[in-house]
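Novice: Once you've had a glance at the structure underneath, I'll fire off some questions.
The values are calculated or read from the model by the stated rules, or taken from the named source; none is laboratory data. Predicted model, so just to flag it, every value in this text is computed and none were measured. Using ideal geometry, Cβ is built from the backbone for each residue, glycine included, and neighbour counts are taken over all protein chains shown. Just the protein is used for accessible areas: all its heavy atoms, side chains included, with ligands, DNA and RNA removed. Shrake-Rupley method; radii C 1.70, N 1.55, O 1.52, S 1.80 Å.
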Amino acid sequence: MLVIGLTGGIATGKSTASKAFRAQGVSVIDADAIAHELMEPGQVSHRLVVEHFGTQVLGEDKRTIDRAQLGRLIFNDAKQRQVLNRCTHPYIRRRILWRVFQCYLRGHAICVVDVPLLFEAGLDRMCARTLVVSCTDKQQIARLMERNGLSRPEADARVAAQMPMAEKLRRATRVLDNSVSIAELNAQVRTVLQDWTPSALRTFGALLAPAGILVSLPFVRTSTLGFGTFCACAAWIAATLVGL
């Protein structure tokens, strides 16, 4: 199974690209949705955030976290952002990995991991290939101001707080240009799938490879065939993970 990391800058259209992949029947793992789940009462990240930031981050019901208030507390404070990341990122990473594994067990040829901070959080290391959604600077600021109701200085500050788009583009396997129409963006997504989707044989082989490792493991030291089977299956899994 090929794991593709999808990211972009704020308001560049990553969610639109994510919808385009879903429309093509691709499983998309949404890191933002997982982060919301982990902030629900009773979840470990919820408990850690309240323990550190106190009840000032809770909403009127005194249970749910007011994400807008939390955002205001951390936006201009790098140390507080680091604390929040420690409260959330390890648990988001574990849940993403579990859902990737579930896609693998279901025999999916591809899954897309939609992560706003893909490179910043180091989650690109678990992806064979990465896609960055981009648009012009003017479009990004205009979309952000309209979507979030921000002034121009506020929008500029939000963009400046992120990893520079030039760095994301440099690290991407491929770029999706969202300065065009939605129809053209959808066409780019279809091209990616045509170019990158593994064959049915490779997907099926990747499913059988772990079973081959388990069967051959007792014979690795005593049989040349067992050792060869083990190595072949391990190589197949490795090749699948790096997208070969």
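Novice: Going through the range 90-107 one residue at a time, which ones are under 26 Å from residue 12 (Cβ atoms), touching a helix residue (DSSP H, G or I) at 6+ places or on another chain (Cβ under 9 Å) and not aliphatic (A, V, I, L, M)?
Specialist: Within the range 90-107, 93, 95, 99 meet the criteria.
Novice: Return the only residue of 27, 18 being under 21 Å from residue 92 (Cα atoms), touching a helix residue (DSSP H, G or I) at 6+ places or on another chain (Cβ under 8 Å) and not aromatic (Phe, Trp, Tyr).
Specialist: None of the other options fit; the residue is 27.
Novice: Sticking with this one: Name the helices (runs of 4 or more DSSP H) wholly inside the range 1-66 in which the number of residues that are over 24 Å from residue 83 (Cβ atoms) is 3 or more.
Specialist: Where helices (runs of 4 or more DSSP H) fall fully within the range 1-66 and carry at least 3 residues being over 24 Å from residue 83 (Cβ atoms), they are 14-23.
Novice: Quick check, is residue 4 within 29 Å of residue 143 (Cα to Cα), at pLDDT 95 or above and open to solvent by less than 40 Å² (accessible area, probe 1.4 Å)?
Specialist: yes
Novice: Select, from 60, 40, 51, the only residue that is under 21 Å from the mean Cα position of the chain (by Cα) and over 23 Å from residue 171 (Cα atoms).
Specialist: Every option except 40 fails the conditions.
Novice: While we're on this one: Taking into account only those residues within the range 78-109 that are of a type in the set (Gly, Ala, Ser) and in a loop (DSSP other than H, G, I, E, B), which is nearest to residue 4 (Cα to Cα)?
Specialist: Once the filter is applied, the top-ranked residue is 109.
Novice: Quick check on this structure: which one of 142, 109, 155, 121 is in contact with a Pro (Cβ under 6 Å, 6 or more places away or on another chain) and surrounded by 14 or more Cβ atoms within 10 Å (Cβ to Cβ)?
Specialist: 109
Novice: Could you check the range 157-244 for helices (runs of 4 or more DSSP H) lying wholly inside it with 1 or more residues that are modelled with pLDDT under 85 and in contact with a Ser or Thr (Cβ under 7 Å, 6 or more places away or on another chain)?
Specialist: Helices (runs of 4 or more DSSP H) meeting the threshold: 200-216, 224-241.
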